[in-house]
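Only one structure is covered here, and it is reproduced in the block below.
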Amino acid sequence: MPRRNLKAAFVVGAIAMLAAAAQADDRYGIGRPATPAEIAGWNIDIGRDGSNLPPGSGSVERGRTVFAEQCAACHGDNGQGGVGDRLVGGQGTLASPKPIRTVGSYWPYASTLFDYIRRAMPQNAPQSLSNEDVYAVSAYILSLNGVVPANAVLDAKSLAAVKMPNREGFVSDPRPDVHNH
Amino acid sequence: MAGVAGSPALAEQGNNLPPNVPEWMKAPGDPMGSQPYGTPSVHEKGVVKNISKTLPQYISASGRTPLQELDGIITPNGLFYERHHGGVPTIDPAEHRLMLHGMVDRPLVFTMEDIRRFPSQSRIHFLECSGNPVYTKPYGKTASDLVGLLSCAEWTGVPLKTVLDEAGLQPGAKWIVAEGADAAALTRSIPIEKCLDDAMLVYSQNGERLRPQQGYPLRLLLPGFEGNMNVKWLRRLKVTAEPAYSREETSKYTDPMPDGTSREFTFYMEAKSIITRPSGGQKLTTHGFHEITGIAWSGHGKIKSVEISFDEGKSWQQAELQEPVLTRALTRFRLPWHWDGTPAVIQSRAIDETGYTQPTLAELVKVRGLNSFYHNNAIWPWRIDANGEVTNAQA
């Protein structure tokens, strides 16, 4: 390396160190490190690729029982809806004047179903179901929609592999799309 | 100018009216301390949040600000609109923590005391629910029914960027997943550009600590972005390379189009306005002078002008804007008007600093159809009949 470039490299390195020092000085030293155990306890969001799904599994069969006990009161015995959202049916209706948006017809990712049930359902006792039962209820709702077979058992790998019917149904925001004339 | 001053003298009758001395002058009033936290006059008890009595359930629900009863641009904290997805949690601030982790050099945990140690800022911004109002009938009768999922406050907190710098963003950080400490653990993904721009972690509203309904003790504020993204009861920020694709950004808060596709990540609330006086449900009791007033706002910045039409939108007159005109805040407008007693249709349209003009409902529906719930920023005309009754001209 020619001497001139070496010198330049030193200067760049020195500036980087100074910048790092300045950045350290800019910090306020407020807050404390989060421990791995603390993060593990709260880090519950699941990626659309299934990343962060927990160990365990659940069957459609088990899901039918859990659904009857925990979900049917609001979502209907067969997921047809009630006080809670309709969960089943509606495929092929999105472009009609009366679209029916359900897990089966609308939701783009099956992993979101696990994420949402675990964090927010049942509404009267969120985060009370075991991971196994969340897998099972997810499997049951997907089977009601014909997305997985009635004998399916879902775990992190198989749930992540589910392709939802409306996976390609979303577009980015084109606004401003309406103009006053 | 026609009016009382020009009318022949005709005394009103009443014990508290002139020439009598009113009863409230004849004895001392309530002593100091009778109301340690002040509330409105008993004569204003009808000015409350507009909450439907026929909702299927009240845990995931919304309540509206009575816009037509308010003046200025600041919404009183007790009348600020509400939307929650798992009820309003009762959080002990001593046991509330904000965790910041993911693609950062130093994952951190903050107490509320920690958050309040950071350099603070106060800014005035509106918040608006994305579904305000829906596109389909029945349309609301009052300004509150139509666009009452809208409020404006002075917010105090710390710029999110300051807190992110404390943890150190790693290369490739593109989104931040924000999560609430409510029973819905409501989750939305925020683009990093917004987080580094004007996003704030907020702990106070109009000078006092946040109300529980507004996220006590800590919420995210994303000026100009749809309300639900301004995550309340904020407990966690996870820096990521891509969005979470949470339920609230896939199954909800996406905008269905007539062709069956849906728009996702539709963050901004576009320019909008509404006349709040005279407005639906009110009545003009006299001919002659009436001030037309209302509010305008835009998620894209400042309001440049507001125009008012009296002829079904054929011609438009410039309204006066009340200072201050602030970025992503409500702006109050006014126009003097003489009502001669003939039926009239009045409507306002906002133009923001980007040059964007608020569209009509017909123009919106032509592009977006009727399957969408969200981001309806249509002009809402009011009809005034010969008796002075004001109703929704599109209902």
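Just list whichever of B:Lys137/B:Lys302; B:Lys314/B:Lys366; B:Lys49/B:Lys161 have alpha carbons separated by over 25 Å in the model shown. Present the calculation step by step, with values, prior to reporting the outcome.
Details: B:Lys137/B:Lys302 31 Å; B:Lys314/B:Lys366 19 Å; B:Lys49/B:Lys161 34 Å.
Pairs exceeding the cut-off: B:Lys137/B:Lys302; B:Lys49/B:Lys161.
Phi-derived couplings, Karplus 6.51 cos²θ - 1.76 cosθ + 1.60 at θ = phi - 60°, listed residue by residue for segment B:365-374: 5, 4, 8, 9, x, 10, 7, 8, 9, 10 Hz, with x used for Gly and Pro.
When only Cα pairs below 8 angstrom with a gap of at least 6 residues are kept, chain B shows a relative contact order of 16 percent. Taking the Kirkwood radius as Rh and the Cα radius of gyration as Rg, segment B:1-140 has a ratio of Rg/Rh equal to 1.12. Sorting A:38-44, B:253-259 by their mean Cβ neighbour count within 10 Å, with the most densely packed peptide first, gives B:253-259, A:38-44.
With the radius of gyration and the Kirkwood radius both derived from the Cα set of segment B:82-263, what is their ratio Rg to Rh?
Here the Rg-to-Rh quotient is 0.98.
Under 5 Å between amide hydrogens, built in the peptide plane, is the criterion, and for B:Glu389 it picks out B:Leu284 among residues at least 5 positions away or on other chains.
Computed from the alpha carbon atoms alone, the convex hull of the protein assembly as shown holds 214 Å³ per residue.
What ranking, highest mean first, results for peptides B:274-282, A:78-86 when packing means the other Cβ atoms within 10 Å averaged over each residue?
Numbers: B:274-282: 23.0, A:78-86: 16.2.
Packing order, densest peptide first, comes out as B:274-282, A:78-86.
In order along segment B:238-255, phi translates into HN-Hα couplings of 10, 7, 9, 8, 9, x, 6, 6, 5, 3, 7, 10, 10, 6, 10, 6, 10, 10 Hz, rounded to whole numbers, per the Karplus curve 6.51 cos²θ - 1.76 cosθ + 1.60 with θ = phi - 60° and x for Gly and Pro.
Which whole-number percent gives the relative contact order of chain A, counting Cα pairs below 8 Å spaced six or more residues apart? Reported as a whole number, the value is 26 percent.
Taking amide H atoms as placed 1.01 Å from N in the peptide plane, the amide H of A:Val171 lies under 5 Å from those of B:Ser262, B:Arg263, B:Glu264, each 5 or more residues away in sequence or on another chain.
Report, as an integer, the average count of C-beta atoms from other chains found within 10 Å of each Cβ along B:366-379.
Numbers: counts 1, 5, 3, 3, 1, 7, 0, 0, 0, 4, 0, 2, 1, 1.
Neighbouring Cβ atoms belonging to other protein chains average 2 per residue here.
Seen through its C-alpha gyration tensor, with square-root eigenvalues sorted a ≥ b ≥ c, segment B:272-392 comes out oblate because a/c lies at 1.5 or above while a/b is not bigger than b/c. Across segment B:81-92, computed HN-Hα scalar couplings (Karplus, 6.51 cos²θ - 1.76 cosθ + 1.60, θ = phi - 60°) run 5, 10, 9, 9, 10, x, x, 9, x, 9, 10, 7 Hz from first to last residue, x flagging Gly and Pro.
Extending 7 Å from Cα along the Cβ direction at A:Asp85 and again at A:Tyr28 yields two label points whose distance is 3.7 nm.
Kindly rank B:26-35, A:54-63 from highest to lowest mean number of other beta carbons found within 10 Å of each residue. Could you put the intermediate results ahead of the total?
On the way: B:26-35: 6.7, A:54-63: 18.3.
Taking the mean over residues of other Cβ atoms within 10 Å, the ranking is A:54-63, B:26-35.
Give the distance, in whole Å, between the Cα centre of segment B:370-395 and the Cα centre of segment A:35-104. Centre-to-centre (Cα) distance: 38 Å. Close amide H pairs (under 5 Å, H built 1.01 Å from N) link B:Ile295 with B:Ile274, B:Thr276, B:Phe333, residues at least 5 positions away or on another chain. Computed over neighbours whose Cβ is under 12 Å from that of A:Pro122, the net charge equals 0, Lys and Arg +1, Asp and Glu -1. Note on chain A: Cα-only Rg and Dmax are 24.4, 79 Å. The label-point distance for B:Glu208 and B:Ser120, in a model that sets each label 7 Å from Cα toward Cβ, rounds to 1.5 nm.
Normalised by 2.2 N^0.38 Å, with N the number of residues, the alpha-carbon radius of gyration of chain B equals 1.09. Shown for B:Lys161, B:Lys53, B:Lys137, B:Lys302: other C-beta atoms within 10 Å of each C-beta, ranked fewest to most, produce the order B:Lys53, B:Lys137, B:Lys161, B:Lys302. Other protein chain C-beta atoms within 10 Å of residue C-beta, averaged over B:74-87: 1. For segment B:231-343, the orientation-averaged shadow of the C-alpha convex hull comes to 11.9 nm² (one quarter of the hull surface).
Here the gap between B:Gln35 and B:His338, fully extended at 0.36 nm per residue and compared with their Cα-Cα distance, gives a gain of 104.9 nm.
Counting every other Cβ atom within 10 Å of each residue's Cβ, B:Tyr139, A:Tyr109 order from fewest to most as B:Tyr139, A:Tyr109.
Peptide B:181-193 has a mean shielding of 3, counted as Cβ atoms of other protein chains within 10 Å of each residue's Cβ. Ordering A:Ile46, A:Ile30 from the fewest to the most neighbouring beta carbons within 10 Å gives A:Ile30, A:Ile46.
Rule-based calculations on the coordinates, nothing more; no lab input. This is a predicted model, so every value here is computed, not measured. FYI the Cβ positions are ideal-geometry reconstructions off the backbone, even for glycines, and counts take in every protein chain you see.
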